[in-house]
Structure formats: C-alpha cells, structure tokens
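Below you'll find the structure, written out as structure tokens, and then a few comments.
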Amino acid sequence: MSADDRTSPAEITAAAVASFEGCGDPRLRELMQAFVAHLHAFAAEVGLTEDEWRVMIDTLTATGRITDERRQEFILWSDALGLSMLVDALSHPPAADATESTVLGPFYVPGSPLRGYGEPMAEEPAGMPAWVHGRVLSVDGEPIAGAELDVWQNGDDRLYAVQRPEAPEGHLRGRYRTREDGTYAFTAVRPVPYPIPDDGPVGRMLAATGRHPWRPAHIHMIVRAPGFRSVATHIFDAASEYLDSDAVFAVKRSLVRPFVDHAADDPERPPGIEGEWVSLELDLVLAPGDDDSEPVDPGRTA
Ligand SMILES: [Fe+2]
C-alpha cells in the first residue's frame with residue numbers, strides 16, 4: 001500500500017461534511033456541516049485521544065442522566081461555557097442607549113403577582129430591604145406609562161422561591177407597573193451571590209479546571225411595554241463578589257449598579273420598611289419595536 005492510498009484525517013472530515021450535501025433544508029445543512037467541521041477541527045487541533053473522547057461520551061451520558069423536569073444540565077453546560085450569553089448577544093443586538101439584555105436564567109416563573117407601587121416582593125423575611133426605584137424611558141428620554149417590570153430574585157438563603165417547595169408561591173417575585181410619569185418602585189431584598197448547581201457533570205468540570213460555581217448578586221427583571229422591545233436583564237450589585245468571574249458570563253458593565261446604605265432612622269425611609277435598608281436608583285430604557293413575546297421556559301435547574 002502506498003502512502004497515497006491511506007485515508008487522511010482531512011478526508012474523514014471532508015466525507016462527514018459532504019454527507020449532509022443532500023439535506024433538503026438549507027439551514028439544517030448549514031448548521032450540521034459547520035458543526036461537524038468545527039467538531040473535527042477541535043479534535044484535530046488538540047490531538048484528541050481515545051481516552052479523552054471516552055471522557056466526553058461519559059460526560060454527555062451523565063448529563064442526560066441527571067437532567068429531568070427540574071434539573072436541566074445541558075443548559076447549565078451552555079451557561080457555564082458562555083454559549084447562552086453568546087446566543088443572547090447574537091439574538092438581541094444592542095439597541096443604542098437601551099438597557100442591555102442578559103440571560104434569562106432557569107428561575108423565571110411566568111405569572112408573578114401584580115403588586116402596587118413600592119410593595120414588597122418578599123412574602124416572608126428574606127434579607128435586607130432594598131428600595132428599587134426609577135423610571136422606564138424610551139431611547140428619546142420620554143417616560144413610558146404602564147410599562148411592566150416582571151422581577152424575581154433570590155433571598156439571603158441564596159435560593160429562589162422555585163427552589164424551595166415550601167416557600168409561598170409568589171415569594172420574591174412580582175410584577176410592577178410604571179405610573180403616568182414613567183416612575184416605578186418596588187421593595188426587594190439585597191440579593192446575595194449564589195452557586196450554580198455544582199453536584200453534577202458541570203460542577204465536576206468547574207472543579208477540575210479550577211473554576212468556581214458562583215454568580216454575583218443580582219436581581220432579574222423583564223421590562224415590557226406596548227410598542228417597545230422587551231428586555232430580559234439583571235441588575236448586579238456593584239459591591240458583590242464575583243462580578244469579574246460570573247460562572248455564566250452574564251455580567252455587562254452597564255448592568256452593575258451601586259446599592260446605597262441607609263440607617264434605620266433615615267428620614268427618606270419609604271413606608272413599610274423597617275430597620276436598616278439599601279436603595280437602588282435605576283432608569284430602564286426600552287428600544288422601539290414590537291416584541292411582546294414571552295420567554296420560553298428554558299427548563300428548571302433547581
Ligand atoms: Fe439569578
């Protein structure tokens with residue numbers, strides 16, 4: 001057998017890519033051919049060994065086994081490898097001056113209770129009260145009346161209410177509407193950092209590579225108004241740990257905001273708040289458009 005008769009790695013790749021030429025769906029053909037080409041390029045670049053290939057297969061198998069209706073380990077991989085943020089960025093190109101989006105995350109629950117101006121989201125003690133207030137504006141600076149803020153967050157036990165079956169159903173989540181002048185307010189609690197679930201294959205990858213599972217403290221919200229593009233985003237506490245090493249890469253500079261400390265006897269203490277508290281002033285800016293689609297439930301990762 002001459003050297004010319006041997007099958008080269010490049011020929012294997014070319015054959016796998018070419019196998020999709022007959023695909024009648026042009027987009028599916030593009031996706032599969034690019035996927036296979038990049039997958040092969042990865043293996044060739046690193047000189048992937050059979051043992052390493054076996055670890056990949058075992059890891060995918062473990063990912064499937066741990067995934068159920070509450071735990072979505074595949075999305076966790078996507079999050080922990082930065083793919084979720086990349087797809088979010090590609091899907092929501094920044095509109096000039098509008099509030100930036102970030103990942104929805106696994107803890108969003110549609111249909112939160114509608115609450116009044118300034119009312120608390122916590123239905124049981126959950127940490128330091130945080131008065132969050134500001135306006136919802138168009139990119140021209142015009143106030144938007146009747147915009148909705150759909151807000152959810154964790155408590156000082158690090159957990160979202162959906163992670164605690166015993167918690168009141170509406171705990172630490174709520175929907176708020178802006179007033180005629182575009183102003184809104186709600187009483188949150190100061191959020192705390194929390195780890196993504198790290199007792200499965202993703203956690204083993206983080207440990208093996210010297211990464212940590214923590215996310216910096218944040219409050220989630222979706223802001224929507226008729227005639228405007230909805231935005232799903234987070235507000236990050238500027239004093240939090242892990243802002244520079246979010247396990248899911250969701251931090252954007254424009255979303256990091258300072259919480260202001262207040263003493264219990266501060267004369268500006270809003271009604272209903274007891275003891276020491278913090279405040280956060282935050283204007284939210286929506287781009288024009290027609291997007292009132294609801295986020296797809298990505299599957300829980302409890
Ligand atoms: Fe979160």
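Brief remarks follow.
- Among the residues of the range 261-278, those that are among the aliphatic types (A, V, I, L, M) and surrounded by 13 or more Cβ atoms within 10 Å (Cβ to Cβ) comprise Ile273, Val278.
- Selected residue (criterion: farthest from the ligand (Cβ to nearest atom)) from residues of the range 184-203 that are within 22 Å of the chain's Cα centre (by Cα) and of a type in the set (Ser, Thr, Tyr): Thr187
- Those residues of the range 204-214 which are open to solvent by 10 Å² or more (accessible area, probe 1.4 Å) and either within 16 Å of the ligand (Cβ to nearest atom) or not charged (D, E, K, R) (or both), in sequence order: Met205, Ala207, Ala208, Thr209, Gly210, His212, Pro213, Trp214
- Single unsatisfied condition, Ser91 versus (1) surrounded by fewer than 17 Cβ atoms within 10 Å (Cβ to Cβ); (2) hydroxyl-bearing (Ser, Thr, Tyr); (3) more than 30 Å from His220 (Cα to Cα): (3)
- Sub-9 Å Cβ pairs linking a first residue in the range 1-30 that is over 17 Å from Ala41 (Cα atoms) to a second residue that is open to solvent by less than 100 Å² (accessible area, probe 1.4 Å) and assigned to a loop (DSSP other than H, G, I, E, B), at least 6 apart or interchain, are Leu28/Phe20; Arg29/Phe20; Arg29/Gly22; Arg29/Cys23, ordered by first then second residue.
- Some residue of the range 180-189 being in contact with a strand residue (DSSP E or B) (Cβ under 7 Å, 6 or more places away or on another chain), in a loop (DSSP other than H, G, I, E, B) and open to solvent by 50 Å² or more (accessible area, probe 1.4 Å): yes
- So Glu294, is it more than 22 Å from the chain's Cα centre (by Cα) and either at pLDDT below 95 or outside any strand (DSSP E or B) (or both): no
- Of all residues in the range 156-169, those satisfying the criterion of being part of a loop (DSSP other than H, G, I, E, B), open to solvent by 10 Å² or more (accessible area, probe 1.4 Å) and either under 23 Å from Val103 (Cβ atoms) or within 16 Å of the ligand (Cβ to nearest atom) (or both) are Asp156, Asp157, Arg158, Leu159, Arg164, Ala167.
- Restricting the range 93-122 to residues that are in contact with a helix residue (DSSP H, G or I) (Cβ under 9 Å, 6 or more places away or on another chain) and hydrophobic (A, V, I, L, M, F, W, C) leaves a set whose member that is farthest from the ligand (Cβ to nearest atom) is Val109.
- Test: Pro110 is assigned to a loop (DSSP other than H, G, I, E, B) and in contact with a Ser or Thr (Cβ under 6 Å, 6 or more places away or on another chain): no
- Test: residue in the range 38-60 that is within 30 Å of Val256 (Cα to Cα), of a type in the set (Lys, Arg) and open to solvent by 50 Å² or more (accessible area, probe 1.4 Å): no
- Test result for Pro93, free of Cβ contacts under 8 Å to residues at least 60 places away in the same chain and touching a Gly at 6+ places or on another chain (Cβ under 9 Å): no
- Of residues in the range 123-155 being within 16 Å of the ligand (Cβ to nearest atom) and assigned to a loop (DSSP other than H, G, I, E, B), the one surrounded by the fewest Cβ atoms within 10 Å (Cβ to Cβ): Gly127
- Pick from the range 171-183, criterion more than 16 Å from the ligand (Cβ to nearest atom) and under 23 Å from the mean Cα position of the chain (by Cα), ranking: nearest to Tyr160 (Cα to Cα): Arg175
- For Glu69, the test of being touching a Lys or Arg at 6+ places or on another chain (Cβ under 8 Å) and farther than 30 Å from Arg177 by Cβ is passed.
- Within the range 61-72, the set of residues being buried (at least 16 other Cβ atoms within 10 Å of the Cβ) and at pLDDT below 95 comprises Thr67, Arg71, Gln72.
The values are calculated or read from the model by the stated rules, or taken from the named source; none is laboratory data. Bear in mind that the values here come from a model prediction, so they are computed numbers and not experimental data. Using ideal geometry, Cβ is built from the backbone for each residue, glycine included, and neighbour counts are taken over all protein chains shown. What goes into the accessible areas is simple: the full protein's heavy atoms, side chains included, and nothing from ligands, DNA or RNA. Shrake-Rupley method; radii C 1.70, N 1.55, O 1.52, S 1.80 Å.
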